[in-house]
1. How long is the gain from E287 to E265 if the chain were fully straight, where each residue apart is worth 0.36 nm and the alpha carbon distance is subtracted?
2. Pick the calculated Kirkwood radius over Cα pairs in Å for this structure from [x] 21.9; [y] 23.2; [z] 20.9?
3. Sequence-distant or interchain residues sharing an amide H contact under 5 Å with S171, placed H: which?
4. Kindly write out, for the range 115-127 in residue order, the coupling ³J(HN,Hα) from the Karplus curve 6.51 cos²θ - 1.76 cosθ + 1.60 (θ = phi - 60°), rounded to whole Hz, with x marking Gly and Pro.
5. Please report R63, R370, R106 as a ranked list, fewest other C-beta atoms within 10 angstrom at the top and most at the bottom.
6. Quick one: what are the phi-derived ³J(HN,Hα) couplings along the range 46-56, Karplus 6.51/-1.76/1.60 with θ = phi - 60°, whole Hz, x for glycine and proline?
7. Among L282, N53, I79, which residue has its Cα furthest toward the positive end of the charge dipole of the chain, with +1 on Lys/Arg Cβ and -1 on Asp/Glu Cβ?
8. How high is the FRET efficiency between E242 and N319 when r is their beta carbon distance and R₀ equals 45 Å, given to the nearest 0.05?
Amino acid sequence: MGRVLLLSFIFFVAISTGCNHLPKNKGMIKKEIFGTHKGKEVYLFTLTNKAGNNIKLTNYGARITWIEVPDKNGNKDNITFGYDSFKSTVTGDFSFGTVMGRYAHRIAKGKFNMDGIEYNLPLNSGRNSFSGGLAGWHSVVWDAEVIKDSEFPAIKFAYLSPDMEAGLPGSMKVEVIYTWTDKNEIVIAYSCSTDKKSVINLTNHAYFNLHGAGNGDILDHLLTIKAAAFTPVDSFMIPTGEIRKVEGTPLDFNDPHTIGERINESYEQLIIGRGYDCNYVLDNNEEVDVTVYEPVSGRMLELITDQPGLQLYTGNYLNESKIGHSGKIYNFRSGFCLESGHFPDSPNHPEFPTTIINPDEIFKSTTIYRFSVKSL
């Protein structure tokens with residue numbers, strides 16, 4: 001409960017209006033036409049904070065497409081994956097920076113049972129359903145609104161998902177607010193409601209490389225994850241239901257280790273995922289859940305969330321075909337993802353924290369990506 005209240009307070013401070021009803025973030029948000037998709041306009045928003053650092057968002061997939069922050073010498077670079085044009089965004093990797101839904105991560109065989117009814121979801125990951133299928137929320141144009149009375153530059157994306165979209169029940173209204181603070185924090189606030197009992201699991205699938213996106217691999221990044229356990233998977237990347245301690249395994253990052261230090265060990269879970277592709281059961285008892293430090297640039301990323309799980313993915317399937325901003329290649333293990341949310345396949349595992357949402361409930365969640373520099 002303390003974690004939820006803390007994140008709610010941070011989000012409230014980020015968007016509070018105070019007594020001044022004039023736009024507080026005037027001139028800090030630039031809105032451009034990015035393209036059109038299925039008859040709807042797609043926009044690119046550039047949010048600049050008082051430090052002069054900026055992020056870029058688009059309402060196609062409610063995604064983050066650019067994060068430009070300084071290194072320890074004050075040199076700025078973009079540290080997330082994305083594309084320069086809308087055409088490349090549509091035809092390129094669907095996951096870069098997107099909001100994944102309705103159900104992020106895998107559901108076994110695309111099936112689950114709720115109240116005696118079997119629901120069938122589209123299969124797009126072998127025999128499994130992954131993050132809403134090919135037509136998930138990452139591929140739709142969201143409504144977009146500049147929040148003019150926010151203390152910091154902020155954008156609200158909203159989408160009304162029709163009943164049985166991607167095989168899931170309920171007409172579902174979802175909102176995602178991105179706030180870019182003067183402390184170089186991306187505050188992501190999710191809100192969702194439904195008119196029928198359903199399931200929900202939301203995350204952001206941004207890739208990060210603190211050297212700069214497209215500047216080598218991420219194996220030297222020093223990683224700390226405050227989690228005592230994880231959920232092992234079978235050969236189809238589906239959780240077995242076990243909650244296994246990380247202690248004594250190469251998945252233990254309670255003390256900092258570089259990503260590359262143990263990634264090639266002959267541990268079953270690393271072999272199945274071709275590297276780290278693991279859901280951690282977060283302790284959620286410290287302010288910061290995850291810290292990543294890159295010693296050359298001095299850049300540091302901290303993640304704070306109220307969610308019970310964290311999917312760590314280390315770009316194990318990236319290859320030279322992934323060409324992003326300025327023609328840079330996003331190659332094998334050149335980016336990592338920190339995806340806060342619930343556990344994969346939770347609708348088929350009643351022993352996991354529930355992902356059920358009822359019509360009289362509103363799902364709310366906040367995750368923060370905080371960027372800074374540090375010299376060790």
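Just so you know, all these numbers are worked out from the coordinates, no wet-lab data involved. None of these values were measured; they are calculated from a predicted model. Ideal geometry is used to build each Cβ from the backbone, glycine not excepted, and the neighbour counts take in all protein chains shown.
1. Extra length available between E287 and E265 comes to 4.8 nm.
2. The calculated read-out lines up with [z].
3. Hits under the 5 Å cutoff: D163, D195, K196.
4. 3J(HN,Hα) across the range 115-127, in whole Hz: 6, x, 10, 8, 10, 10, 10, x, 8, 9, 9, x, 8.
5. Least crowded to most crowded, the residues run R370, R106, R63.
6. Along the range 46-56, the couplings run 10, 9, 10, 8, 5, 7, x, 8, 9, 10, 10 Hz.
7. Projecting each Cα onto the dipole axis, the largest value belongs to N53.
8. 0.90
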